[in-house]
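Enquirer: This is the structure I have questions about; it appears just below.
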Amino acid sequence: MLAGEEVIEQMWGVSLDRLYESAEGQRILSCIQCGTCAGACPYGEHMLYPPRRIITMLKAGLIEEVFDSDSLFKCVNCYTCMTKCPREIKLTEILLPLVKEQSAVRLEEMPAELQKAIENTYRYGNSYGESARKRAAWIDTIDVPIRILAKDPTPVDILWFVECDLSYHPRGQDAARATALLFHLLDLDFAILGPEERCAGDCGRLSWEPGLAEALVDYNLSIFEKYRFNRIVTNDPHALDAFKYRYPMFEFKYKTTATVPELHRHLDRLAPMLSRKLDYLVTYHDSCCLGRHNGFYDEPRALLEAIPGVRLVEMEHTRENSICCGGGGGGMWLDTWYKQQDIERLSDRRLREVIATGADVLAVACPYEVSRFEDAVKLAGYEDRIIVRDITELLVEALGGH
Amino acid sequence: MSISIFVIAEHLEGTLADMTFEMLGKARQLADEHGGMVTAVLAGYNVAQLAEQLGAADALILIEDELLAEFAPQPYQDVISGLIRERAPGLVMVGSTSMGLDLAAALATTLNVPMLSSCIDLSVEDDAYVVTSQLYGGKIMMETAVTAGTAIAQILPGAFRAEDGQRAGTPTLEEIPPGLHPENFRMRFENFIKPEAGDIDITQAPILVSVGRGIQTQENIALAEELAEALGGSVSSSRPIVDQDWLPVTRQVGKSGMSVKPRLYLALGISGAPEHVEGMKNADLIVAVNTDPDAPIFSVAHYGVVADIFDVMPALEERLGERVS
Ligand SMILES: Cc1cc2nc3c(=O)[nH]c(=O)nc-3n(C[C@H](O)[C@H](O)[C@H](O)COP(=O)(O)OP(=O)(O)OC[C@H]3O[C@@H](n4cnc5c(N)ncnc54)[C@H](O)[C@@H]3O)c2cc1C
Ligand code: SF4
Ligand code: SF4
């Protein structure tokens, strides 16, 4: 995998018509048409133009035909093709977003769910269409002191970028509360932006609406400028991606990490606090952005193993082979569109692997996954056999006496 | 102040749209309270027979021409702007509909008069029409007073009751020549494309009987259908019902389905997941039936019943039957 900086350099200013002028364009020319990308893609069989064929068409000057198909609406930005490509072509990072943007423009009608999410994000700064003022309302539901920078702008070590799902979705708020408690117990110096925070413009939206993403980048950068902090920590792996790979193109300079690796850094202090035994057989679902794109495979597992009583079991596809929950790349707002194409949701497919492990708990680390998998559990009728929990929730459950 | 309101009638394929009656009803009420005239303006071709449904108006101005047979923005703007310039009514009511959106702004610019969009209420105070408009999708209301001259008000569908404007009786009829300038028309009506006859549109249903996984089997959906019929509503559902193909996707309420705002939303065996609530939280009245007293649906419901839906459904139906007979 390339270092973040190198990828960014390659992406800057790359457009389809000038693709071959860039280093990445030259790399695309080296494609050996092995088809690994198409074979590894979780929706490859449903795409008329999976990555390999996109490259064929591009070389043949027939890319317009690709734009006119809806193939890339089935791309969930899972980074599988890119991770597997023997030529290290940055498919998910560079080529696919460029093609997606054009396909979206030509689509006769944007799927209503996606349209609504994009409009809400534009208007309210979150896909839920909730008021920005309520973004920090969840902090009144716990006893942990949480500093909002607008109220107390003194310098802080960690700017905790909470993101939309943890701010507004009731199950996301469970993870927000758990995270806040853990940060507090670890004595981390952290603060949030509260109502000033807006969607980071995650990978999904970046690929469909680059203009909106840029507006969000501009906005968030203007807010970051107001305060002094050392680094950003976020629970949302998509936001991590945005800050790590896209924002630096706009002179963003902060170190960013995700909550899971941040907690892992403090494991020596955290582990002794985990005094309550949880007698669970747990399987962990690797989030695409956290795992494949950023290489955090061991940290979530180490955190889970630190909980007394927890035994880990792996699914058939795990770590870099993990199957996406289907929420990335805008998939979070295309469920009905998939259904109308008669395509199984990836969360339902993935759940079969979860069930096959015999685990009682499915542990996740990305806010999309809790709602997606809890819904899949209902549909499969497995509510009595398995529960879905964010890693932070499990850690809090294991805290003795807190 | 004496009322002088023009209502621009909307019709499609020989039928007057509800929008027309909604605007007429409100105009009539103001004229009854304050005195004055309500004039309906009917532009079209072979539409004279619609006059007998426009009894809520005092007068009807009929303008007929082949070029007005179907709505096209330019011919309509042409005849209506000429008429308004000549008669100078106080207020012109236009629907906030596909037709009205094409018409209102153009009339306002042509005549150089104010235009008020997204109006949901109208009253008369002292010497002014006071128009209430929605801003930010209804989060903020704005009141504007129109004191002199003519103003165009674009009325949101559903702001007033159509029943109030549905009165038989033919108003005084005045037919005027169209005086069109076809040489200026750069748009013309081609043909009318009808949507495929599909499933019912749950966003239009006044009452929704909505079922969730509590309904247990596909066969039981018939019970909900019966209840919906007794209530005069339609059946909608949560997503798992659609995922199991028990109902078509057109019936799904929520984040990845439809957003609905019926007068009554009866949630039967629906837990109230945030993705579901996103699509129905704005219903006028939400009644939830669930066996679980902690179900999140109760936090958005106006009335909650902790009970088994299989007890509640037949009991409700029985009561409704009694009321009918
Ligand atoms: C991205 C995404 C988009 C989604 N979009 C939507 C959407 O558009 N619409 C939607 O609905 N969901 C959507 N979901 C799914 C949502 O998260 C829930 O899984 C779903 O709404 C649950 O449906 P339910 O309430 O019918 O089922 P459950 O949550 O299982 O609830 C069933 C309820 O019935 C009650 N019950 C059972 N038996 C009886 C009885 N005999 N009498 C009375 N009550 C009884 C139970 O107590 C329970 O509360 C989405 C999920 C995701 C991840
Ligand atoms: S995996 Fe890489 S080299 Fe192989 S076909 Fe796909 S893009 Fe080309
Ligand atoms: S990123 Fe994932 S979904 Fe998209 S083309 Fe590659 S493998 Fe398929």
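Enquirer: Considering each residue of segment A:170-182, count those that are surrounded by fewer than 23 Cβ atoms within 10 Å (Cβ to Cβ) and within 14 Å of another protein chain (Cβ to nearest Cβ), and give that number.
Expert: Residues flagged as surrounded by fewer than 23 Cβ atoms within 10 Å (Cβ to Cβ) and within 14 Å of another protein chain (Cβ to nearest Cβ) within segment A:170-182 amount to 4.
Enquirer: Has segment A:199-206 got at least one residue that is aliphatic (A, V, I, L, M), within 14 Å of chain B (Cβ to nearest Cβ) and within 18 Å of the chain's Cα centre (by Cα)?
Expert: At the first step, the residues of segment A:199-206 found to be aliphatic (A, V, I, L, M) are A:200, A:206.
This time we only want the ones that are within 14 Å of chain B (Cβ to nearest Cβ), so: none.
Within segment A:199-206 (the criterion being aliphatic (A, V, I, L, M), within 14 Å of chain B (Cβ to nearest Cβ) and within 18 Å of the chain's Cα centre (by Cα)), the answer is no, since none of the residues qualifies.
Enquirer: Please go through segment B:281-323 and pick out each residue that is within 13 Å of ligand 1 (Cβ to nearest atom) and within 14 Å of another protein chain (Cβ to nearest Cβ).
Expert: B:LYS281, B:ASP292, B:ASP294, B:ALA295, B:PRO296, B:ILE297, B:PHE298, B:SER299, B:VAL300
Enquirer: Please count how many residues of segment B:5-25 are within 12 Å of B:THR97 (Cα to Cα) and hydroxyl-bearing (Ser, Thr, Tyr).
Expert: Selection size over segment B:5-25: 1.
Enquirer: Please enumerate the residues belonging to segment A:371-402 that are within 13 Å of chain B (Cβ to nearest Cβ) and either within 18 Å of A:PHE296 (Cβ to Cβ) or among the acidic types (Asp, Glu) (or both).
Expert: A:GLU374, A:ASP375, A:GLU383
Enquirer: Return the pair list, or none, for Cβ contacts closer than 7 Å from residues in segment A:302-328 that are in the same structural domain as A:PRO367 (by TED's automatic domain parsing) and free of Cβ contacts under 8 Å to residues at least 60 places away in the same chain to residues that are part of a loop (DSSP other than H, G, I, E, B) and of a type in the set (Val, Ile, Thr), at least 6 apart or on different chains.
Expert: As it stands, the answer is A:HIS317/A:ILE323, since those pairs meet every condition given.
Enquirer: For A:LYS59, indicate whether it is away from chain B (no Cβ under 14 Å), without any contact (Cβ under 8 Å) to a residue 60 or more places away in the chain and within 16 Å of ligand 2 (Cβ to nearest atom).
Expert: On the way: away from chain B (no Cβ under 14 Å): yes; without any contact (Cβ under 8 Å) to a residue 60 or more places away in the chain: yes; within 16 Å of ligand 2 (Cβ to nearest atom): yes.
Answer is yes for this residue.
Enquirer: For segment A:210-286, please list each of the strands (runs of 3 or more DSSP E) lying entirely inside it that holds at least 1 residues being closer than 20 Å to A:PRO367 by Cα, in contact with a helix residue (DSSP H, G or I) (Cβ under 8 Å, 6 or more places away or on another chain) and among the acidic types (Asp, Glu). Quick ask: steps written out before the conclusion?
Expert: On the way: elements: A:229-234, A:255-258, A:281-284.
Where strands (runs of 3 or more DSSP E) fall fully within segment A:210-286, none carries at least 1 residues being closer than 20 Å to A:PRO367 by Cα, in contact with a helix residue (DSSP H, G or I) (Cβ under 8 Å, 6 or more places away or on another chain) and among the acidic types (Asp, Glu).
Enquirer: Continuing with the same structure: Please give the strands (runs of 3 or more DSSP E) falling wholly within segment B:1-110 in which 1 or more residues are of a type outside the set (S, T, N, Q), free of Cβ contacts under 8 Å to residues at least 60 places away in the same chain and touching a helix residue (DSSP H, G or I) at 6+ places or on another chain (Cβ under 7 Å).
Expert: Because the criterion is at least 1 residues that are of a type outside the set (S, T, N, Q), free of Cβ contacts under 8 Å to residues at least 60 places away in the same chain and touching a helix residue (DSSP H, G or I) at 6+ places or on another chain (Cβ under 7 Å), the strands (runs of 3 or more DSSP E) in segment B:1-110 that meet it are B:36-44.
Enquirer: Let me spell it out: the conditions are (1) within 16 Å of ligand 1 (Cβ to nearest atom); (2) in contact with a helix residue (DSSP H, G or I) (Cβ under 6 Å, 6 or more places away or on another chain); (3) assigned to a helix (DSSP H, G or I), and A:TYR128 meets all of them except one. Which number is the exception?
Expert: Failed condition: (3).
Enquirer: Among the residues of segment A:71-113, which ones are touching a residue at least 40 places away in the same chain (Cβ under 8 Å) and in a loop (DSSP other than H, G, I, E, B)?
Expert: Of everything in segment A:71-113, those that are touching a residue at least 40 places away in the same chain (Cβ under 8 Å) and in a loop (DSSP other than H, G, I, E, B) turn out to be A:CYS75, A:VAL76, A:ASN77, A:CYS78, A:TYR79, A:CYS85, A:PRO86, A:ARG87, A:GLU88, A:ILE89, A:LYS90, A:PRO111.
Enquirer: Also, quick follow-up: Hey, can you tell me all the residues within segment A:138-151 that are in a helix (DSSP H, G or I), surrounded by fewer than 20 Cβ atoms within 10 Å (Cβ to Cβ) and either within 14 Å of another protein chain (Cβ to nearest Cβ) or among the β-branched types (Val, Ile, Thr) (or both)? Please lay out each step first, then the result.
Expert: Residues of segment A:138-151 that are in a helix (DSSP H, G or I), as a first pass: A:138-141.
Applying the additional criterion that residues be surrounded by fewer than 20 Cβ atoms within 10 Å (Cβ to Cβ) yields A:140-141.
Hit for segment A:138-151 is A:THR141, nothing else.
Enquirer: Right, something else. State yes or no: is A:CYS324 under 13 Å from the mean Cα position of the chain (by Cα), within 16 Å of ligand 1 (Cβ to nearest atom) and surrounded by 21 or more Cβ atoms within 10 Å (Cβ to Cβ)?
Expert: Working: under 13 Å from the mean Cα position of the chain (by Cα): yes; within 16 Å of ligand 1 (Cβ to nearest atom): yes; surrounded by 21 or more Cβ atoms within 10 Å (Cβ to Cβ): yes.
It is true that A:CYS324 is under 13 Å from the mean Cα position of the chain (by Cα), within 16 Å of ligand 1 (Cβ to nearest atom) and surrounded by 21 or more Cβ atoms within 10 Å (Cβ to Cβ).
Enquirer: Let me ask something else. Being near ligand 2 (Cβ under 10 Å from one of its atoms) and aliphatic (A, V, I, L, M) is the filter; apply it to segment A:75-91 and report the residue that is surrounded by the fewest Cβ atoms within 10 Å (Cβ to Cβ).
Expert: This residue is A:ILE89.
The values are calculated or read from the model by the stated rules, or taken from the named source; none is laboratory data. Given the structure is predicted, the values throughout are model-derived calculations rather than measurements. Cβ: placed from backbone, ideal geometry, glycine included. Neighbour counts: every protein chain shown.
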